[in-house]
Amino acid sequence: MGITKKNSTILIALLICIPVFALIHLSVGQIDISFQEIWRALTNYDEHFVNEIIVSEIRIPRLSMALLAGASLSVVGLLMQTLFNNPLAGPYVLGINSGSSLFVALSIMTGVPFFASDFGIIANALVGAFLFGLIILFFSRLVRTQVALLLIGLMLGAFISAFVSFLQSASDAQELKVFTLWALGSLQKVESAQLPIIILVSFIGMAGAFLIIKPLNILVLGENEAKLLGVNIKRVRLIIISITAILTGIITAFCGPIAFVGLAVPNLVRILFKTQQHFILISASLLMGALFILICDIVIQLLEPHFLLPINVLTSIIGAPMVILFILKRLK
Amino acid sequence: MIRTEDLKIGYHSPLLQVENFTLQKGELYFLIGKNGSGKSTFLKTISGQLSPISGRAFLNEKLSTEIPFRDLPKTVSFVSSHFPIVDFLKVEDFIALGRNSHTSYFGKLQASDSQVINSTIKRLQISHLIGRFTSELSDGEKQLVAIAKALVQETPIILLDEPTAFLDYSNKTLVLETLKRISVEMEKCIILSSHDLDMSLEMNCPFLVVNFQEKSLQLIDSSVSKQDLLRIAFE
């Protein structure tokens, strides 16, 4: 059962890559900041230096969000793929992100100030993700094939987008602005004061995933086998949907929808690590997801002088062809 | 090991009346009957996936419906007719999943678990399959590996749903001989459903036969003739 030498080597490589790329991430941007300045901002912060303020108030929050978004969405994708026994499942394709969007839209458009506050947006994004997680769970009990579930997820997404568009057309200018800014999605909107709560919530979600590695390992065999081996399926399903809602909700609330990470990264991890042990799969998805968004965001910042690339656009450009590749490989 | 008392089984309405009988440890039983006659229903009832319509079944002297959900995998193991199709699942990881109800919260294998797994692998002579992916195995190898997973559960009762259905002659013989040997050596009570009447007769084991006319499940001695067996099960 242990971890093979090759797999632990890849894990260690990922662990080394993340701080290296994190440093690069902190140094790139509209203003060049040297590694010495970054080091000083981290160890001996002095608010008299503008560059150190930029590091601590702008670049560290953005870096944190890149790491958290990548890690969270990849873990969610992995959990959903195991739960539905479907390698093409993920928070985006099954409409969980859209559920969050719908609830945030509804809450902003109601015009109640509380709902448009940070806390209101987080709460609504979580509730939306949870509700649509339950809806997908319900449909997964009705349909037997993997493709049918994916189609239902896509249709749910399309349905919600239409509904959100309708809400937008019916809302006034101020509400529209708040929602549009949110829906564009980016890693930049988080302020350093909001970081602790986001870190706390996503760590709870990811820790939750590690707490259920044993049933996840068995769930790979299908629900019937898992039941025969003594797994309480109903409880595990509910825990997975809750973790999905927490992680997707918190990331969607602050970064907007980010596509394909949750689908592409866990598949890449499975192909690379060739195992079904979820301790390795979760650890690897978490690290590789974080690294993936980190590198995407470095690319975005390097391209910024020429054109502005939203994070959601870049992950789709990279992720969608990757997913097509996986499908072709499976159908062969 | 398995004792039935006025047991009626079925999904929503009674499908079969099970005779009162006691199945012993150290024996291999062949469950014979027409398609759709209720063989799977019986296996599902004994393995706790289905509640009896009425009457009682005792597993290892405990009433089946009173065995807690978590303890059932320590009493009955079940080898389903379809081997799960999963990418990148190593044979040793697959077999180790059978230890689920014995391991602690995170499922880490202790020395005692590894010992059970290793001795099972040795007993079934499948050590050459360790390190391979389950998706790469032949049908016969898959069946042996699935039996290994059931054995590491260390249950007194093992049920198999048509374990020889997809196998060629030599693999059928290998699987059946192995099961027979296990039932004797390890004193297990093993029931397997099968369509292969000739093969079953060769093994010289007792039969559980679904009497299609009477809608009942009967225990029949191994000395039964093929003609009688055919008459009871298929007429």
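The values are calculated or read from the model by the stated rules, or taken from the named source; none is laboratory data. Source: prediction; values computed, not measured. Every residue, glycine as well, gets a Cβ built from its backbone with ideal geometry; the counts of neighbours run over all protein chains shown. Note: accessible area is taken over every heavy atom of the protein model, side chains too, but ligands, DNA and RNA are not part of it. Shrake-Rupley method; radii C 1.70, N 1.55, O 1.52, S 1.80 Å.
Consider region A:145-179 and keep the residues that are surrounded by 12 or more Cβ atoms within 10 Å (Cβ to Cβ) and over 19 Å from residue A:94 (Cα atoms). The one that is farthest from the chain's Cα centre (by Cα) is A:171. Within region B:200-221, being open to solvent by less than 20 Å² (accessible area, probe 1.4 Å), of a type in the set (A, V, I, L, M, F, W, C) and more than 16 Å from residue B:161 (Cα to Cα) holds for B:205, B:217. Taken over region B:157-170, the criterion of being touching a Ser or Thr at 6+ places or on another chain (Cβ under 8 Å) and either part of a helix (DSSP H, G or I) or at negative phi (or both) is satisfied by B:157, B:158, B:159, B:160, B:161, B:163, B:164, B:165. Remark: pairs (first residue in region A:74-87, closer than 16 Å to residue A:239 by Cβ; second residue open to solvent by 10 Å² or more (accessible area, probe 1.4 Å) and among the small types (Gly, Ala, Ser); Cβ separation under 6 Å; 6+ apart in sequence or on different chains) = A:84/A:140.
Listed here are the residues, each with its yes/no results for (1) surrounded by 15 or more Cβ atoms within 10 Å (Cβ to Cβ); (2) in contact with a Ser or Thr (Cβ under 8 Å, 6 or more places away or on another chain).
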| site | (1), (2) |
| --- | --- |
| B:7 | yes, yes |
| B:10 | yes, yes |
| B:15 | yes, yes |
| B:24 | no, no |
| B:44 | yes, no |
| B:51 | no, yes |
| B:85 | no, yes |
| B:88 | yes, yes |
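Per the conditions (1) part of a loop (DSSP other than H, G, I, E, B); (2) open to solvent by 30 Å² or more (accessible area, probe 1.4 Å); (3) within 14 Å of another protein chain (Cβ to nearest Cβ), the sole criterion not satisfied by residue A:234 is (1). Failed condition for residue A:87, given (1) part of a helix (DSSP H, G or I); (2) more than 15 Å from the chain's Cα centre (by Cα), with all others met? Looking at each condition in turn, residue A:87 falls short on (1).
Before we move on, is residue A:22 at pLDDT 95 or above, crowded, with 17+ Cβ neighbours inside 10 Å and part of a helix (DSSP H, G or I)? Yes, satisfied.
Checking A:217, A:224 one by one, the residue that is surrounded by fewer than 19 Cβ atoms within 10 Å (Cβ to Cβ) and in a helix (DSSP H, G or I) is A:224 and no other. If you go through region B:149-162 and keep only what is crowded, with 23+ Cβ neighbours inside 10 Å and under 21 Å from residue B:202 (Cβ atoms), you end up with B:158, B:160. Has region B:165-176 got at least one residue that is more than 29 Å from residue B:84 (Cβ to Cβ) and open to solvent by 30 Å² or more (accessible area, probe 1.4 Å)? Looking through region B:165-176, none of the residues is more than 29 Å from residue B:84 (Cβ to Cβ) and open to solvent by 30 Å² or more (accessible area, probe 1.4 Å). Taking region A:248-279 as the search range and keeping residues that are hydroxyl-bearing (Ser, Thr, Tyr) and surrounded by 24 or more Cβ atoms within 10 Å (Cβ to Cβ), which one is farthest from the other protein chains (Cβ to nearest Cβ)? Across region A:248-279, the extreme among qualifying residues is A:252.
The set of residues in region B:134-143 that are buried (at least 18 other Cβ atoms within 10 Å of the Cβ) and touching a residue at least 40 places away in the same chain (Cβ under 8 Å) comprises B:134, B:137, B:142, B:143. Kindly establish whether residue B:154 is modelled with pLDDT of 95 or more and assigned to a loop (DSSP other than H, G, I, E, B). So residue B:154 fits the description; yes.
The single condition among (1) away from chain B (no Cβ under 14 Å); (2) within 16 Å of the chain's Cα centre (by Cα); (3) open to solvent by 30 Å² or more (accessible area, probe 1.4 Å) that residue A:207 does not meet is (1). State whether the residues of region A:117-124 include one that is open to solvent by 60 Å² or more (accessible area, probe 1.4 Å) and either more than 20 Å from the chain's Cα centre (by Cα) or modelled with pLDDT of 85 or more (or both). There is no residue in region A:117-124 that is open to solvent by 60 Å² or more (accessible area, probe 1.4 Å) and either more than 20 Å from the chain's Cα centre (by Cα) or modelled with pLDDT of 85 or more (or both). The requirement of being within 12 Å of chain A (Cβ to nearest Cβ) and either modelled with pLDDT under 95 or surrounded by 16 or more Cβ atoms within 10 Å (Cβ to Cβ) (or both) is satisfied by residue B:146. Checking B:90, B:62 one by one, the residue that is more than 9 Å from chain A (Cβ to nearest Cβ) and more than 17 Å from residue A:226 (Cβ to Cβ) is B:62 and no other. Hey, among the residues in region A:280-332 that are modelled with pLDDT under 95 and among the polar types (S, T, N, Q), which one's surrounded by the fewest Cβ atoms within 10 Å (Cβ to Cβ)? Checked region A:280-332; the qualifying residue surrounded by the fewest Cβ atoms within 10 Å (Cβ to Cβ) is A:316.
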